[in-house]
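The structure appears below as structure tokens.
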Amino acid sequence: MENIFGLSVPEMENRCASLRIPAYRARQIAEWMYKKGADSFEAMTNLPKALRAFLPSVFSISWAECVQRWDSVDGCTSKFLLRFEDGVTVETVLMRQPYGNSVCVSTQAGCAMGCAFCASTLHGVTRDLTAGEMLAEVLFINEMLRGSDQRVDMLVLMGSGEPMMNYDNVLAFLRLIHADYCLNISYRNITLSTSGIIPGIERLKKEGLPVTLSISLHAANDVLRSELMPINRKYPLREVVAAGKEYGEYTKRRVTYEYILINGVNDSKKDAGNLANLLRGQLASVNLIPINPVRERNWERPPKDRINQFLSVLEEFHITATVRREMGADIQAACGQLRNQHLTESGCF
Ligand code: SAH
């Protein structure tokens, strides 16, 4: 039996055609699932009774099941561990911000990139998520918000996984979530973060979707970046930044560079100067992220004055930079931390 949760209307139309169901039913079914949150055909009251009775014999509608939930003390961040049909789990985070509700989406279960500071990659990648599974992450939260007359307004693809290593499914997901029969989220309210997979950046550039591209740099020289992010050996710093520059020029969208600050590792004045040099003349901004200490690694955040010193060097060079507002540190909201805890506690590792 096919799970149709995650099919686009054209895909659903194909299924309908082969079952001799009129094509316009496809949109009705999609709207029930994606706009109204229906998880059974019985609920789809504008379908004929006979069709409602027939559909469950050929199709299922499978979302995701929430197995654990954490709420930050301030109530702004909630983190969910969601389980899919095959038992694979991922983390999804809701951040309630003054300008709207933002969801941090995982694109893979685990991650293959091997970044030294990241909890998502500690056990490698389990598998890619399908477009429907990414959609299930968002719609699960949207349904929850519906109870208080709210909705998901923005997405960041900054959960576990490297979106560019699951490119086709990620793009199908973005098109789906943007569709008028789904949440109709504007591409401008979507940020895709990558560890710097150059072919992916080039492909995305040509899609013509005004999504915001965010590139994880975390170091301003190749030796350190290769240590922190092994993918740098394949796609070195200067080439990644050049691809980001091209992306910005082509799409006229400002590229964001993420830079984790790790005490005594990448946070000196010299590092800040090198970073400014790299980005000079580019339509870019820097997002400084004091590292979320991960239990499995022993790195710390720099003290405030060191963070400010880094920031003021960037400002001297007229590089737009912000320090990311910390959310959810008390609930281990750094990528992959929750899932690892679950896997460890359930004896999977
Ligand atoms: N694979 C993509 C997207 C997922 S990670 C990427 O690398 O961009 C989203 C961001 O969180 C990345 O910038 C990542 O480097 C960062 N991150 C990972 N572990 C972190 C930690 N312990 N503290 C702070 N940020 C972290």
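The values are calculated or read from the model by the stated rules, or taken from the named source; none is laboratory data. Keep in mind that this is a model prediction, so the values were computed, not measured. No Cβ is skipped: glycine too gets one built from the backbone with ideal geometry, and neighbour counts run over all protein chains shown. Side chains included, ligands, DNA and RNA excluded: accessible areas come from the protein's heavy atoms. Shrake-Rupley method; radii C 1.70, N 1.55, O 1.52, S 1.80 Å.
Quick rundown of the values:
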quantity: Where only alpha carbons of segment 2-60 are counted, the Rg and the Dmax (Å); calculated: 10.1, 26
quantity: Under 19 Å from the Cα of K269 - aspartates and glutamates, other chains or at least 8 residues apart; calculated: D222, E258, E300, D305, E315, E316
quantity: Taking the C-alpha atoms of segment 174-272, convex hull volume expressed per residue in Å³; calculated: 107
quantity: Square roots of five times the Cα gyration tensor eigenvalues for the chain, Å; calculated: 38, 22, 18
quantity: Where D39, D271, D71 fall by accessible area, highest first, once all protein chains stay in place (1.4 Å); calculated: D39, D71, D271
quantity: C-alpha long axis of helix 9-18 to longest principal axis of the chain, angle in °; calculated: 30
quantity: Heavy-atom accessible area per residue - segment 208-334, 1.4 Å, Å²; calculated: 49
quantity: Subset of K79/K234; K206/K245; K79/K304 violating a 22 Å alpha-carbon distance limit; calculated: K79/K234; K79/K304
quantity: Cβ-defined net charge surrounding M134, 14 Å radius [Lys, Arg +1; Asp, Glu -1]; calculated: -4
quantity: Under-5 Å amide H pairs with V286, H placed in peptide plane, nonlocal only; calculated: Y257, T320, A321, T322
quantity: With all protein chains modelled, accessible area of Y250 [1.4 Å, Å²]; calculated: 140
quantity: Percentage relative contact order, the chain, counting C-alpha pairs under 8 Å, at least six apart; calculated: 14
quantity: Carbon and sulfur %, accessible surface of the chain computed with the full protein complex present, 1.4 Å; calculated: 50
quantity: Probe 1.4 Å - accessible area at F317, Å² to nearest ten; calculated: 80
